[in-house]
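A.B. asks: Questions regarding the structure given below will be posed in turn.
The values are calculated or read from the model by the stated rules, or taken from the named source; none is laboratory data. These figures come from a predicted structure and were not determined experimentally. In this analysis, Cβ positions are derived from the backbone assuming ideal geometry, glycine residues included, and neighbour counts consider all displayed protein chains. In case anyone asks, the SASA skips ligands and DNA or RNA and just uses the protein heavy atoms, side chains included. Shrake-Rupley method; radii C 1.70, N 1.55, O 1.52, S 1.80 Å.
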Amino acid sequence: MRTFDCPPRYDLAGTLRGLCLINGDPTLSVGAREGWFATRTPDGPGTLQLTLTGTSPVAGSSPAAGSSLVATAYGPGADWLLDRADAVAGLRDDLTGFLDLARQHPLLYRLAREHSGLRIGATGRVFHHLVPAVLGQKVTGKEARDGYVRLLRHFSTDPAPGPHPRLRLPPPPEAIAAAPYWVFHPFGIEQKRADALRRVAAEASRLERCTTAADAVARLLTIRGIGPWTAAEVTRAAYGDPDAVSVGDYHIKNVVAYALTGAARGTDEHMLELLAPYAGHRGRVCGLLAAAGITAPKFGPRMPLRSFARF
């Protein structure tokens, strides 16, 4: 067990939700004052429990100053998880200089103060986040979640360590790498994403040895089927990279354009221009807009749902 001091208004729930690349990720369970994270560490499977103690928050607000975070871990990977529990909880996240940058735009300055307790967590597990990131490529959120849940049921048969009854471990990369692509079809995962999953699984051990987000991005982009969007999604969660921007996302470019200029639609190029003044914290800006629930106006039909399971 480890105990850590929390910054003022620390937002545990918002921080841990930032690790979810797919809504309802079964490897995570997030509540207002408690969170659980199950993963495969270099020492074996492990589950991390994070619990806020101390001063109770005012209803509807983040925990107040004076609270502490208690980390408890289970399984063969318990010690590994405890050694980086504060990183998973975002307590190593460095916001130095961000508030001054945010002053350049009144909305961002307001959000930076309102969500001052929000942090970016860093799990240190690359393949863990690659699975949901690849499954989220060019499909709806529902398709991505359904495929992820079915894949975990098939490949993650061993229970997550600890007392949480519903947590699941991510799949072992060697099992994904060895599976032929047609095994993924009943999960609603077509060959393109299945092959990308199998390729990153084969490279998992090399990817886990990358010591920085930049190293991981460079290696990820050499793998066929992995582009800037997937690399940014993974490095933000695995390394806590505050500058990771998900170029190629269906929504984010529009959200940034709408929030910062009022334009209903944007392009990736325009988004990067708008975010350039916040270099070093561009991903943090996108996270703030998401935390505030800001969305661009919706026009036209939604992306259709498809079922590859019946192909």
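A.B. asks: Return the residue satisfying two criteria in turn: it lies in the range 50-67 and is open to solvent by less than 30 Å² (accessible area, probe 1.4 Å) and at pLDDT 95 or above, and of such residues it is farthest from THR27 (Cα to Cα).
C.D. replies: LEU52
A.B. asks: Against the condition assigned to a loop (DSSP other than H, G, I, E, B), in contact with a Ser or Thr (Cβ under 8 Å, 6 or more places away or on another chain), of a type outside the set (A, V, I, L, M) and open to solvent by 20 Å² or more (accessible area, probe 1.4 Å), how does ARG119 come out, does it pass? Give the derivation first.
C.D. replies: Working: assigned to a loop (DSSP other than H, G, I, E, B): yes; in contact with a Ser or Thr (Cβ under 8 Å, 6 or more places away or on another chain): yes; of a type outside the set (A, V, I, L, M): yes; open to solvent by 20 Å² or more (accessible area, probe 1.4 Å): yes.
So ARG119 fits the description; yes.
A.B. asks: Give the range 269-293 a look and list any residue that's open to solvent by 40 Å² or more (accessible area, probe 1.4 Å), of a type in the set (A, V, I, L, M) and within 16 Å of the chain's Cα centre (by Cα), or say none.
C.D. replies: ALA290, ALA291, listed by residue number.
A.B. asks: For the subset of the range 242-265 comprising residues that are more than 21 Å from GLY136 (Cα to Cα) and without any contact (Cβ under 8 Å) to a residue 24 or more places away in the chain, which member is surrounded by the most Cβ atoms within 10 Å (Cβ to Cβ)? Give the derivation first.
C.D. replies: Of all residues in the range 242-265, those more than 21 Å from GLY136 (Cα to Cα) come to 257-265.
Next, from what is left, pick out any that are without any contact (Cβ under 8 Å) to a residue 24 or more places away in the chain: 261-263.
Numbers: THR261: 12, GLY262: 7, ALA263: 15.
In this case the residue turns out to be ALA263.
A.B. asks: Right, next: Filtering the range 122-150 down to residues that are under 16 Å from ARG40 (Cα atoms) and touching a Pro at 6+ places or on another chain (Cβ under 7 Å), which residue is surrounded by the most Cβ atoms within 10 Å (Cβ to Cβ)? I'd like the intermediate steps shown before the answer.
C.D. replies: Let us first name the residues in the range 122-150 that are under 16 Å from ARG40 (Cα atoms), namely 122-132.
Cutting the leftovers down to touching a Pro at 6+ places or on another chain (Cβ under 7 Å) gives us 127-128, 131.
Details: PHE127: 23, HIS128: 28, VAL131: 26.
It comes out as HIS128.
A.B. asks: Continuing with the same structure: State whether the residues of the range 268-278 include one that is under 22 Å from ASP93 (Cβ atoms) and in contact (Cβ under 8 Å) with a residue 60 or more places away in the chain. Quick ask: steps written out before the conclusion?
C.D. replies: Step one: filter the range 268-278 for residues under 22 Å from ASP93 (Cβ atoms), giving 275-278.
Now drop any that are not in contact (Cβ under 8 Å) with a residue 60 or more places away in the chain, which leaves 277-278.
Checked the range 268-278: at least one residue is under 22 Å from ASP93 (Cβ atoms) and in contact (Cβ under 8 Å) with a residue 60 or more places away in the chain.
A.B. asks: Run LEU101 past the list (1) modelled with pLDDT of 95 or more; (2) assigned to a loop (DSSP other than H, G, I, E, B); (3) open to solvent by 20 Å² or more (accessible area, probe 1.4 Å) and report the number of the one that doesn't hold.
C.D. replies: (2)
A.B. asks: Does the range 12-30 hold any residues that are β-branched (Val, Ile, Thr) and not in a loop (DSSP other than H, G, I, E, B), and which are they?
C.D. replies: Looking only at the range 12-30, we keep the residues that are β-branched (Val, Ile, Thr), and these are 15, 22, 27, 30.
Within the range 12-30, THR15, VAL30 meet the criteria.
A.B. asks: Go through the range 1-11 and give me each residue that's part of a loop (DSSP other than H, G, I, E, B) and either among the β-branched types (Val, Ile, Thr) or within 19 Å of the chain's Cα centre (by Cα) (or both). Before you say what the answer is, go through the steps one by one.
C.D. replies: To start, the set of residues in the range 1-11 that are part of a loop (DSSP other than H, G, I, E, B) comprises 1, 6-11.
Of everything in the range 1-11, those that are part of a loop (DSSP other than H, G, I, E, B) and either among the β-branched types (Val, Ile, Thr) or within 19 Å of the chain's Cα centre (by Cα) (or both) turn out to be TYR10, ASP11.
A.B. asks: Take the residues of the range 217-230 that are of a type in the set (A, V, I, L, M) and over 14 Å from GLY283 (Cβ atoms): which is most open to solvent (accessible area, probe 1.4 Å)?
C.D. replies: LEU221
A.B. asks: So, one more: Just one of TYR239, TYR181 is of a type outside the set (Asp, Glu) and buried (at least 21 other Cβ atoms within 10 Å of the Cβ); which is it?
C.D. replies: Numbers: TYR181 fails: buried (at least 21 other Cβ atoms within 10 Å of the Cβ).
Every option except TYR239 fails the conditions.
A.B. asks: So which residues in the range 120-140 are closer than 17 Å to GLY240 by Cα and either more than 12 Å from the chain's Cα centre (by Cα) or among the hydrophobic types (A, V, I, L, M, F, W, C) (or both)? Steps first, please.
C.D. replies: Pass one, the range 120-140, residues closer than 17 Å to GLY240 by Cα: 120-130, 132-133.
Passing the criteria: ILE120, ALA122, VAL126, PHE127, LEU130, ALA133.
A.B. asks: Condition test on GLY14, is it surrounded by fewer than 23 Cβ atoms within 10 Å (Cβ to Cβ) and modelled with pLDDT under 90?
C.D. replies: Details: surrounded by fewer than 23 Cβ atoms within 10 Å (Cβ to Cβ): yes; modelled with pLDDT under 90: no.
No, not satisfied.
A.B. asks: Just to check your reading of the model, which residue among LEU118, LEU107 is of a type outside the set (Asp, Glu), closer than 11 Å to ARG284 by Cα and touching a helix residue (DSSP H, G or I) at 6+ places or on another chain (Cβ under 8 Å)? Before you say what the answer is, go through the steps one by one.
C.D. replies: Details: LEU107 fails: closer than 11 Å to ARG284 by Cα.
The match here is LEU118.
A.B. asks: State whether one or more residues within the range 154-164 are open to solvent by less than 50 Å² (accessible area, probe 1.4 Å) and of a type in the set (Val, Ile, Thr). Reasoning before the result, please.
C.D. replies: If we filter the range 154-164 for residues that are open to solvent by less than 50 Å² (accessible area, probe 1.4 Å), which is where we start, we get 155-156, 160-162, 164.
Restricting the remaining residues to those that are of a type in the set (Val, Ile, Thr) gives none.
No, there is no match, as no residue in the range 154-164 is open to solvent by less than 50 Å² (accessible area, probe 1.4 Å) and of a type in the set (Val, Ile, Thr).
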